[in-house]
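Asks: Please see the structure below; I have some questions.
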Amino acid sequence: MERRPVSGSRNERLNEKPAPKAVVGRVSLYLRQLEALQLEGLNKVSSRQLGEPFGIKNAQVRKDLAFFGQFGHPGVGYNIDDLISVLRRILGVDKDWPLALVGLGNLGRALLRYRGFRSRRFRIVALFDNDPRKIGQFYEGMCVEPIDALPQSLSRHKAILALLCVPADSAQKVADQMVAGGIQGILNFAPVPLAVPQHVNVVAVDLSIQLENLAYKVQKTQDEISRAS
């Protein structure tokens, strides 16, 4: 397997297989922890310090990072600046990602105002909606275009990723228009699965499912407390 030196004795591995979703999610957490420690002026971090705030064991941290290569030194830990650089490159957030936002309802407008995207180098460059009252209006300095213009407009805006915030009954049609316009990744907030070509990636965000998961965990905790009392 091909290896590429990063610096010193660390190697970033070009793994042939994509990392499991759970691993990628934890790597994002590690990156945020590293950035917080960097702001505190620290230079080194241990696997325990990386995982402890999230309840992740040392061995799991080391296993997750080992999926991508060899980093750090036993008994010394990881160099924070170097590991931040590596993880940003692994996650693809070491470069700008132009985004299209489709659907300017309550959720879409909230996402448009969210400043966390820009700090992670996700930049909304185009807005689309099918409401005649919104088309032609300006939000955050961008003019809202009709959804039917998606296939032609996306390439002009050089958008690669898209936020899909439309009702479930129109989500598939809009997704098809996104694909026709060259979108390669869709963050889907519509509560319905999408059928897309193999080269297009979809990540579904269903807030009700997340709340159900939270309710389940709270209920289990309450049950455990009741049994212990």
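Asks: Restricting to the range 31-76, and then to whatever is basic (Lys, Arg) and not in a loop (DSSP other than H, G, I, E, B), can you tell me which residue is nearest to residue 18 (Cα to Cα)?
Replies: Taking the candidates together, the pick is 63.
Asks: Then there is this: Is there any pair linking a residue in the range 202-218 that is on the phi < 0 side of the Ramachandran plot to one that is assigned to a strand (DSSP E or B) and surrounded by 10 or more Cβ atoms within 10 Å (Cβ to Cβ), with Cβ under 6 Å and at least six apart or on different chains, and which?
Replies: The qualifying pairs are 202/186; 202/188; 203/187; 204/188.
Asks: Further question: For the range 136-160, name all the residues that are hydroxyl-bearing (Ser, Thr, Tyr) and either in contact with a Phe, Trp or Tyr (Cβ under 8 Å, 6 or more places away or on another chain) or surrounded by 18 or more Cβ atoms within 10 Å (Cβ to Cβ) (or both).
Replies: Once the filter is applied, which keeps residues that are hydroxyl-bearing (Ser, Thr, Tyr) and either in contact with a Phe, Trp or Tyr (Cβ under 8 Å, 6 or more places away or on another chain) or surrounded by 18 or more Cβ atoms within 10 Å (Cβ to Cβ) (or both), the range 136-160 yields only 153.
Asks: Starting from the range 60-82, keep only residues that are of a type in the set (Val, Ile, Thr), then list their pairs with residues that are buried (at least 17 other Cβ atoms within 10 Å of the Cβ) whose Cβ atoms are within a distance under 9 Å, requiring at least 6 positions of separation or different chains.
Replies: Every condition considered, the pairs that remain are 61/26; 61/30; 61/47; 61/50; 61/51; 80/34; 80/37; 80/45.
Asks: Give all pairs with beta carbons closer than 7 Å in which a residue from the range 10-36 that is assigned by TED's automatic domain parsing to the domain that holds residue 49 meets a residue that is assigned to a loop (DSSP other than H, G, I, E, B) and at pLDDT 90 or above; count only pairs at least 6 apart in sequence or on separate chains.
Replies: Sorted first by the residue in the range 10-36, then by its partner, the pairs are 12/68; 13/68; 15/67; 15/68; 19/67; 23/67; 26/56.
Asks: In the range 160-175, which residues are closer than 20 Å to residue 131 by Cβ and either outside the structural domain of residue 104 (by TED's automatic domain parsing) or not polar (S, T, N, Q) (or both)?
Replies: Residues satisfying the conditions are 162, 163, 164, 165, 166, 167, 168, 169, 171, 173, 174, 175.
Asks: Just to check your reading of the model, which residue among 187, 194 is assigned to a loop (DSSP other than H, G, I, E, B), hydrophobic (A, V, I, L, M, F, W, C) and surrounded by 14 or more Cβ atoms within 10 Å (Cβ to Cβ)? Before you say what the answer is, go through the steps one by one.
Replies: Details: 187 fails: assigned to a loop (DSSP other than H, G, I, E, B).
Only one candidate qualifies: 194.
Asks: Under 22 Å from residue 126 (Cα atoms), part of a strand (DSSP E or B) and either in contact (Cβ under 8 Å) with a residue 60 or more places away in the chain or of a type in the set (Asp, Glu) (or both), is that true of residue 163? Full working, then the answer.
Replies: Numbers: under 22 Å from residue 126 (Cα atoms): yes; part of a strand (DSSP E or B): yes; either in contact (Cβ under 8 Å) with a residue 60 or more places away in the chain or of a type in the set (Asp, Glu) (or both): yes.
Criteria met by residue 163.
Asks: Filter the range 77-122 down to residues that are in a strand (DSSP E or B) and of a type in the set (A, V, I, L, M, F, W, C) and give me whichever is nearest to residue 175 (Cα to Cα).
Replies: Here is the first cut: in the range 77-122, the residues in a strand (DSSP E or B) are 77-79, 97-102, 122.
Then keep just the ones that are of a type in the set (A, V, I, L, M, F, W, C); that gives 97, 99-102, 122.
Working: 97: 19, 99: 14, 100: 12, 101: 12, 102: 10, 122: 20 Å.
Restricting to residues being in a strand (DSSP E or B) and of a type in the set (A, V, I, L, M, F, W, C), the top hit is 102.
Asks: Oh, and also: Any chance the range 42-57 includes a residue that's on the phi > 0 side of the Ramachandran plot, at pLDDT 85 or above and either in contact with a Phe, Trp or Tyr (Cβ under 7 Å, 6 or more places away or on another chain) or of a type in the set (Gly, Ala, Ser) (or both)?
Replies: The answer is yes; a qualifying residue exists.
The values are calculated or read from the model by the stated rules, or taken from the named source; none is laboratory data. Quick caveat, the model's predicted, so the values are computed rather than measured. Every residue, glycine as well, gets a Cβ built from its backbone with ideal geometry; the counts of neighbours run over all protein chains shown.
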